[in-house]
Amino acid sequence: MSPRLELSNAIRALAMDAVQQANSGHPGMPMGMAEIAEVLWNHHLRHNPANPQWFDRDRFVLSNGHGSMLLYALLHLTGYDLPLAEIKRFRQLHSKTPGHPEFGCAPGVETTTGPLGQGLANAVGMALAEKILAAEFNRDGFDVIDHHTWAFVGDGCLMEGISHEACSLAGTLGLGKLIAIYDDNGISIDGDVKGWFTDATAKRFEAYGWQVIDAVDGHDFDTLERALTQAKAQRERPTLICCKTVIGKGAPSRAGTAKAHGEALGADEVAATRANIGWRYPPFEVPESVYAGWNARAKGAALEGAWNRKFAAYEQAHPQLAAEFKRRMKGELPANWHAQGEALVSKTNEKAEIIATRKASQNAIEALAPTLPELVGGSADLTGSNLTLWSGSKAVSRARGGNYVHFGVREFGMAGIVNGVSLHGGLIPYAGTFLVFSDYARNALRVAALMRIRAIYVFTHDSIGLGEDGPTHQPVEHAAALRIIPNMDVWRPCDTVESAVAWIAAIERTDGPTSLLLSRQNLPFQQRSAAQLNAIARGGYVLAEASGKPQCVIVATGSEIALAVGAQQALAAQGIAARVVSMPSTTVFDRQDAAYRDSVLLRGIPRVAVEAGTSDFWRKYVGLEGAVVGIDRFGESAPAGELFKYFGFTVDNVVKTVSSVL
């Protein structure tokens with residue numbers, strides 16, 4: 001047996017043993033891609049197991065994340081802090097080796113994958129981030145940002161529509177340091193893919209503008225070596241390497257069948273596989289000679305050491321750029337950030353403008369972006385509607401970097417790419433579309449929340465208030481749907497000041513993504529005291545106190561705040577004292593201590609919620625004894641003013657609803 005084959009067989013053994021012990025998992029892909037992994041990780045991937053956060057490392061994404069044991073085996077064998085004990089705990093509670101790779105769980109896992117195709121979109125985002133940062137920081141003789149992004153993808157990844165969205169854009173932008181390796185084994189869970197996947201994949205990617213290296217034997221080391229070398233030599237176009245492989249290779253009975261895909265091989269087949277591949281060692285035993293052949297710690301330290309020396313020279317030649325680069329690597333905001341944020345809120349409050357919150361959002365970007373060069377924006381072909389562009393925006397293109405991406409009509413791809421940009425580091429991404437189209441992007445939003453990464457989604461046209469486009473474009477259930485995603489902060493501001501605070505909170509948040517829900521129509525400005533201005537950041541606060549002892553609380557968000565304030569005044573004329581609570585972020589408010597929440601919402605008196613969205617969400621605040629002025633059906637096509645009246649979003653109806661619970 002050749003030494004390289006023995007190294008590859010170590011992956012096969014660990015994969016089948018871990019899946020067998022867990023009696024759960026996907027052994028086939030790791031066994032089928034073992035030779036590809038050996039060529040890449042031992043001979044091409046620039047990484048340092050002793051420092052998984054080295055900034056100029058190559059990024060590796062396992063988009064076909066069901067084959068997670070391939071990645072865990074590689075991390076363990078090459079010297080990352082992933083001991084054999086964790087391999088043995090594959091798929092067990094609180095292990096570092098969950099069923100699908102999870103960002104932040106094991107060192108060296110660059111992103112959470114498993115929902116097929118999203119890892120590929122993340123890889124596009126990482127390559128895009130590398131391109132943008134290289135254009136910003138590199139100088140003649142100092143390529144301090146110069147790394148590849150590698151992605152393993154399977155048939156399922158390429159069947160998913162997000163692969164088209166992301167890879168089409170990657171070709172247009174000429175992301176030449178992106179290399180995807182396609183595991184073309186012809187098998188998915190249901191069997192031979194010929195019954196449902198007959199695309200001419202190579203021609204498809206050639207049409208995107210990719211370099212395609214086709215018909216590569218995924219089990220021949222020399223052929224793979226030539227293919228990866230050719231891929232790295234291409235700097236103008238991304239590359240797809242199509243590798244023909246046998247799923248479950250080495251398993252005498254199950255290789256090449258769907259039985260190798262998503263279940264343990266079985267004790268007898270594992271034993272037969274050991275004999276078939278010549279692996280003489282018991283389960284979970286790897287000989288020292290194999291560990292030595294895989295260990296990348298010395299090579300990784302040398303690579304990072306060379307980069308450190310290059311960066312030291314760069315720092316001498318370009319001290320200001322180097323200082324900015326180091327700040328970005330640390331994930332720190334600029335030294336004057338807080339002062340800029342305070343100035344924005346103060347100035348916005350003084351101007352007291354009556355404008356749409358989408359315009360208020362653009363004003364906030366315009367004020368904050370000059371202080372924050374890492375802010376990179378974009379829109380899914382709705383720039384003029386989302387108002388995500390600012391005066392300093394420079395479009396990213398094939399020829400240059402920049403800070404604004406025209407994503408085209410690709411909402412899901414956009415969100416997946418944005419997640420990759422965030423994961424790469426050095427940039428804070430935001431991207432816009434209509435709120436109703438958050439459904440297209442939803443699974444990428446969910447994965448961002450699962451990873452707790454900083455990504456900002458700008459969702460405009462947030463209610464029936466968008467008017468004539470009708471129910472296909474009018475969000476009804478969407479605000480509630482976003483709020484129930486764990487770790488997702490959602491802001492629906494009512495005016496310019498709340499919009500500014502929401503943007504500041506989104507940028508400062510480092511433990512999860514944020515969705516900003518913004519109006520198409522102009523909204524009135526609300527007067528506030530200094531204490532109220534400070535309280536906005538708590539997600540909910542008393543905007544207008546009752547004229548006497550409160551008899552009820554009206555809670556509202558966004559465009560419906562004006563109705564709540566108007567109802568308060570009308571109720572006061574009837575001798576009813578109502579408190580108005582603005583709750584721009586229910587998610588942030590829910591994290592406040594109980595004493596604060598009770599001081600705002602008040603226990604023991606009726607509550608009424610007002611929002612142009614589904615009513616059920618608000619029951620957690622008003623209870624069964626309270627009431628909600630909401631909308632629990634789809635909208636209509638008509639001018640916004642008529643729609644609000646038709647659906648009961650009027651001062652009179654809010655007054656009537658409050659009276660019904662007193």
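The values are calculated or read from the model by the stated rules, or taken from the named source; none is laboratory data. These figures come from a predicted structure and were not determined experimentally. Cβ placement follows ideal geometry from the backbone for every residue including glycine, while neighbour counts extend to all protein chains displayed. The accessibility values were calculated without ligands, DNA or RNA, using every heavy atom of the protein model including side chains. Shrake-Rupley method; radii C 1.70, N 1.55, O 1.52, S 1.80 Å.
The distance from the alpha carbon centre of segment 557-587 to that of segment 222-238 is 63 Å, rounded to a whole number. Normalising by residue count, segment 32-103 has a Cα convex hull of 95 Å³ per residue. Counting only protein heavy atoms and a probe of 1.4 Å, the accessible surface of the chain is 51% carbon and sulfur.
Near GLY377, the amide H atoms lying under 5 Å from its own belong to TYR404, VAL405, TYR430; only residues 5 or more places off or on other chains count, and H is placed 1.01 Å from N.
Overall, the ratio between the Cα radius of gyration of segment 541-662 and 2.2 N^0.38 Å, rounded to two decimals, is 1.01.
The 3J(HN,Hα) values that the Karplus relation (6.51, -1.76, 1.60; θ = phi - 60°) gives for segment 526-532 are, in residue order, 10, 6, 9, 7, 4, 5, 5 Hz. Gly and Pro appear as x. Computed over the alpha-carbon pairs of segment 319-384, the distance histogram in 5 Å steps reads 3, 13, 21, 21, 16, 13, 9, 4, 1 percent, short to long.
Volume of the convex hull of segment 569-617 (Cα atoms only), normalised per residue: 111 Å³. Working note: Cα atoms of segment 5-57, range along each principal axis, descending, whole Å: 38, 23, 15. Just need log10 I(q)/I(0) for segment 365-467 at q = 0.25 Å⁻¹, Debye formula, equal scatterers on the alpha-carbon atoms, no solvent, rounded to two decimals. Those come out to -1.46, one per q. Computed as a quarter of the hull surface, the mean projected area of the alpha carbon convex hull for segment 384-443 stands at 4.7 nm². Our analysis of segment 462-601 gives Rg over Rh at 0.97, with the two radii drawn from alpha carbon positions and Rh computed by the Kirkwood formula. A straight Cα-to-Cα reach below 13 Å connects LYS259 with the aspartates and glutamates ASP190, ASP192, GLU269, residues fewer than 8 places away in its own chain not being considered.
Note on segment 130-214: Cα convex hull, mean projected area over all directions, 6.5 nm². Our summary of shape: the Cα atoms of segment 60-190 have principal axis extents of 48, 36, 21 Å, ordered from largest down, in whole angstrom. What fraction, in whole percent, of alpha-carbon pairs in the chain exceed 44 Å separation? Percent of Cα pairs beyond 44 Å in the chain: 29.
Straight-line cross-link partners of LYS620 among the aspartates and glutamates, defined as a Cα under 13 Å from its Cα and at least 8 positions apart when in the same chain: ASP590. If you bin all the Cα-Cα distances of segment 1-141 at 10 Å, starting from zero, the percentages per bin are 12, 41, 34, 10, 3, 0. Residues ASP220, ASP192, sorted by accessible area with the largest first, give ASP192, ASP220 [1.4 Å probe; ligands and nucleic acids excluded]. Its Kirkwood hydrodynamic radius, worked out from the mean inverse distance over all distinct Cα pairs, puts segment 529-579 at 11.5 Å. Taking every alpha-carbon pair under 8 Å whose residues sit at least 6 apart, the chain reaches a relative contact order of 12 percent. Can you give the FRET efficiency for ASN336 and ASN138, using 1/(1 + (r/R0)^6), R0 = 22 Å, r = Cβ-Cβ distance, to the nearest 0.05? The pair ASN336/ASN138 has a calculated efficiency of 0.25.
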